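Heads up, the thing below is written out as structure tokens.
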Amino acid sequence: MKTITIFKRKVNIALLSAVVVLAGAAGCKKGTFDINGTNPNSPSTVLPKYSLSASLSGTANLMYSAIGTFNNGSTIPVGGNQDMINNWMGYWTQSGAYTPSNTYVLYQLTSSTASGNWDAAYNNLSNYHTLITSTSADATLVNYRAIAMMMTAFVYQRIVDLYNKAPYTGALVANSTFSYKYDDGATIYKACIAKIDSAVALIKANPGATSPGGYDVMFGGDMSMWVKFGNTLKLKMLMRQTASSANGSLGDAGVAAALLNNPGNSGKPYTAADFLGAGEDATVNPGYSSAADNQENPLFIDVVTTSTNNPGYNEKYFRANAYGVSFYQNHNDPRLAMLYLPNNAGVIQGRVYGSTLGTEANSVISGLTGYGANASAKEGAPIIPAFESLFLVAEAQQRGYIKTGSAAASYKAGVEESFRILGSDAATADTYMAQNDAVANFTLASDPITAIITQKWAACNSLDPLESFSDWRRLNIPATLPVSKYPGVTVTHIPYRLPYPTSELSYNSANVPDGGTGTEALSMGVFWMPNISR
């Protein structure tokens, strides 16, 4: 099992030297570093360009990795834990060759469950906060500040989607008592959307500002792409709120109204062209390589191989989930072979979640590819892949929020982009969508929203299970998502959120709104969820 290091929150965290080295490789020419000059590994003297690269790399680690120690003593950076959500969402399961985790198959969550999603998130936020404050007095560095503002909103969106309430107001300013009050999720969402709008305004108002160039390891300094990223992140946060108008959630009418006003375009309605489109993945790559374990793509080293071609940290532990395998098989979906590996018999076979059969060793149950046919230690880490943006736009078009383009066209482009990011092509995707199957063929779908969200679920396998998890909590799609079959399971659904972590219960307990026991995760949800207590 993977373990995650617990950090005290909101202290000044040094940027990981390994990450800075990677960032330097992506953004600097040979000879840039001067041993007698500014030390990029010192948090008090880090230059904005190095801080930006390392912070973006930290967000990728937050999404795709946790700390792991290999036989040779090397490690991968600390981060969150999407592995568990990949399990719950029907993509992955646990190997029959290992003792199952009660956290995973019995849903016995505790304050230590996936706590990197909180601790590493606040560490990452602290670095973005430092970048914002260190550039606030320099008009030439507004692009750095704008990027950090958007990424702050991105990380807070993840925290709210996983925990609901969280420290926001004053949370990134250290205090001697370590007492940080919690804001409700709706308040944080509203503040983050305003932060995104402000960041877009900064970029548009300062076209001559210094470009971060290669130190921007997501878009290479292309600020027009950062505007699209901000718009897409805003759309993601708005679409979370469609199913409920309680607890501060905007509901259908509120989301529709918000998309009628694009402050970055003189208050005109948002159009489909305002968001990330085909080929426009928001992907972090600070110079990933197979030169060393801590330089590999974080998902690749988790479930594929190390730099020395040994099994990845969890390659033997996570296997193909029968629910996901059956979905792709039942709908003649070529992505089956892009996401899962053949077993020793040359076929792809999944394992029922929570199965206790003693015959399901790794020679029988298929392994994972990591990033599909593109699997490589050098592959970038998607933050918001293009397919996700296109499916968000498709749903917004179908609901009438976005008036330009058509849901059918955005759906088609979303499926094509899902195939592309896994190493396939549009022609293969088009053949898949042309078949006589309402799950694949949008023209045959009796409920277009279900079709869009189902295809988004199929595309998010391994890459963004939090998006699928959020759609399931919002819309109950997929409606057939299985509960673990492990003996002793009595729940009727997977958890709705994560319990607050040990770090908060230990240092900020007076402000924690509930829990740490884990039971609240099965009964209490996120503010935008319909019909769930908060």
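Taking region 263-275 only, how many residues are in a loop (DSSP other than H, G, I, E, B) and open to solvent by 10 Å² or more (accessible area, probe 1.4 Å)? Selection size over region 263-275: 4. Within region 135-156, residues that are farther than 18 Å from residue 214 by Cβ sit with their Cβ atoms under 6 Å from residues that are part of a helix (DSSP H, G or I) and among the polar types (S, T, N, Q), at 6+ positions apart or across chains, in these pairs: 145/135; 155/124.
Filtering region 168-185 for residues that are part of a helix (DSSP H, G or I) and either over 21 Å from residue 258 (Cβ atoms) or open to solvent by 10 Å² or more (accessible area, probe 1.4 Å) (or both) leaves an empty set. Being of a type outside the set (Lys, Arg) and assigned to a helix (DSSP H, G or I) is the filter; apply it to region 199-214 and report the residue that is surrounded by the fewest Cβ atoms within 10 Å (Cβ to Cβ). Ranking the candidates gives 205 first.
Number of residues in region 497-510 that are touching a strand residue (DSSP E or B) at 6+ places or on another chain (Cβ under 8 Å) and under 19 Å from residue 123 (Cα atoms): the value is 1. Listed conditions (1) assigned to a loop (DSSP other than H, G, I, E, B); (2) hydrophobic (A, V, I, L, M, F, W, C); (3) surrounded by fewer than 17 Cβ atoms within 10 Å (Cβ to Cβ) are all met by residue 217, apart from (3). Being open to solvent by less than 20 Å² (accessible area, probe 1.4 Å), touching a Lys or Arg at 6+ places or on another chain (Cβ under 8 Å) and in a helix (DSSP H, G or I) is a property that holds for residue 196.
Listed by position, the helices (runs of 4 or more DSSP H) inside region 424-479 whose residues that are small (Gly, Ala, Ser) and under 30 Å from residue 495 (Cβ atoms) number at least 3 are 448-459.
Mind listing just one residue for me: the one in region 368-420 that is among the aliphatic types (A, V, I, L, M) and assigned to a loop (DSSP other than H, G, I, E, B) and, of those, modelled with the lowest pLDDT? Checked region 368-420; the qualifying residue modelled with the lowest pLDDT is 375. For residue 365, state whether it is within 22 Å of residue 425 (Cβ to Cβ), more than 19 Å from the chain's Cα centre (by Cα), aliphatic (A, V, I, L, M) and not in a helix (DSSP H, G or I). Answer is no for this residue.
For residues that are over 30 Å from residue 371 (Cα atoms) and aromatic (Phe, Trp, Tyr), tally how many sit in region 465-524. Of the residues in region 465-524, 2 are over 30 Å from residue 371 (Cα atoms) and aromatic (Phe, Trp, Tyr). Taking region 246-257 as the range and being part of a helix (DSSP H, G or I) and either in contact (Cβ under 8 Å) with a residue 24 or more places away in the chain or of a type outside the set (Gly, Ala, Ser) (or both) as the test, the residues that pass are 252, 255, 256.
Being under 22 Å from residue 106 (Cβ atoms) and either open to solvent by 50 Å² or more (accessible area, probe 1.4 Å) or within 18 Å of the chain's Cα centre (by Cα) (or both) is a property that holds for residue 468.
Across region 423-447, the qualifying residues are those that are among the aliphatic types (A, V, I, L, M), free of Cβ contacts under 8 Å to residues at least 12 places away in the same chain and open to solvent by 40 Å² or more (accessible area, probe 1.4 Å), and the one among them that is nearest to residue 331 (Cα to Cα) is 434.
Taking the listed residues 260, 238, the one that is closer than 24 Å to residue 149 by Cα, surrounded by fewer than 16 Cβ atoms within 10 Å (Cβ to Cβ), at pLDDT 95 or above and of a type in the set (A, V, I, L, M) is 260, with no other qualifying. Among the residues of this structure, residue 245 counts as one that is closer than 29 Å to residue 401 by Cβ and either within 20 Å of the chain's Cα centre (by Cα) or open to solvent by 30 Å² or more (accessible area, probe 1.4 Å) (or both).
Restricting region 84-127 to residues that are over 21 Å from the mean Cα position of the chain (by Cα) and in a helix (DSSP H, G or I) leaves a set whose member that is farthest from residue 343 (Cα to Cα) is 102. In this structure, residue 487 does not qualify as open to solvent by less than 10 Å² (accessible area, probe 1.4 Å), in a loop (DSSP other than H, G, I, E, B) and either closer than 22 Å to residue 242 by Cβ or at pLDDT 95 or above (or both). Evaluate the following for residue 278: is it among the small types (Gly, Ala, Ser), on the phi < 0 side of the Ramachandran plot and either assigned to a helix (DSSP H, G or I) or free of Cβ contacts under 8 Å to residues at least 12 places away in the same chain (or both)? Criteria not met by residue 278.
There is at least one residue in region 293-308 that is surrounded by fewer than 21 Cβ atoms within 10 Å (Cβ to Cβ), modelled with pLDDT under 95 and not hydroxyl-bearing (Ser, Thr, Tyr). For region 384-407, filtered to residues that are under 19 Å from residue 438 (Cβ atoms) and in contact with a Pro (Cβ under 8 Å, 6 or more places away or on another chain), the residue that is surrounded by the fewest Cβ atoms within 10 Å (Cβ to Cβ) is 398. In region 95-103, the count of residues that are touching a residue at least 60 places away in the same chain (Cβ under 8 Å), under 26 Å from residue 469 (Cα atoms) and in contact with a Ser or Thr (Cβ under 9 Å, 6 or more places away or on another chain) is one or more. With the structure loaded, tell me whether residue 437 is of a type in the set (D, E, K, R), closer than 17 Å to residue 385 by Cα and at pLDDT 95 or above or whether it fails that test. Judged against the criteria, residue 437 is not a match.
The values are calculated or read from the model by the stated rules, or taken from the named source; none is laboratory data. Note that this is a predicted model, so its numbers are computed, not measured. Every residue, glycine as well, gets a Cβ built from its backbone with ideal geometry; the counts of neighbours run over all protein chains shown. Side chains are part of the model used for accessible areas, which takes the heavy atoms of the whole protein and leaves out ligands, DNA and RNA. Shrake-Rupley method; radii C 1.70, N 1.55, O 1.52, S 1.80 Å.
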